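Reviewing the structure listed below.
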Amino acid sequence: MSGPFNGYWENAVHNQRVIIPALFKRRFSEESQRTLVITAGFDNSIALYPLDNWYSTLAELAEGSDEEQDFRSMLIRCAVAEAELEGPGRVRLPERELRKAGISDRCVVKGDHHLISLWNPDSFYRDLENYEAEIRSRFDAKLWHKGRR
């Protein structure tokens, strides 16, 4: 299995291509064949699944509840392309997907454990501020920063 992918970087988008961070590239398994499945992501992002994680996710969802099986069907319907990493680790993205996600000359490349997501920077940082405020309040309320309860 590829991953885990954690962290985020802001990278340029040039000729519909974005560079995948070196840390992420090193975490691709041989089974992934340096190939990504491009599909719709959450909150208007683009999801990039390494090929091995894609098939693993589909298999897991196929064994799940009716809701999970419906989600599997939607993921498959929204899968627009498979793309091999080029040269130093660039991936070429369909123009339509970039436009739908509001991505033009820059994007945030974020690790989401078993997949990589691409975000419009303004949307990403706005959401991040909200998440950071929420996590700070939970740390304060539950003292998670002191270790497990």
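Values in this text are rule-based calculations from the coordinates and carry no lab data. Because the structure is predicted, anything quoted here is derived from the model rather than measured. We place every Cβ from the backbone using ideal geometry, glycine too, and count neighbours over all the protein chains shown.
Which value, in debye to the nearest 20, describes the size of the charge dipole of the range 76-127 about its Cα centre when Lys and Arg Cβ atoms bear +1, Asp and Glu Cβ atoms bear -1, and nothing else is charged?
Numbers: 9 positive and 9 negative charges, 32 e Å.
Charge dipole, the range 76-127, about its Cα centre: 160 debye, nearest 20.
Rounded to the nearest 0.05, what FRET efficiency do SER137 and LYS100 give with R0 = 35 Å and r taken as the Cβ-Cβ distance? Could you check?
Once the sixth-power term is evaluated, E becomes 0.60.
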Normalised by the residues of the range 55-149, what does the relative contact order come to in percent, with Cα pairs under 8 Å and at least six apart?
11 percent
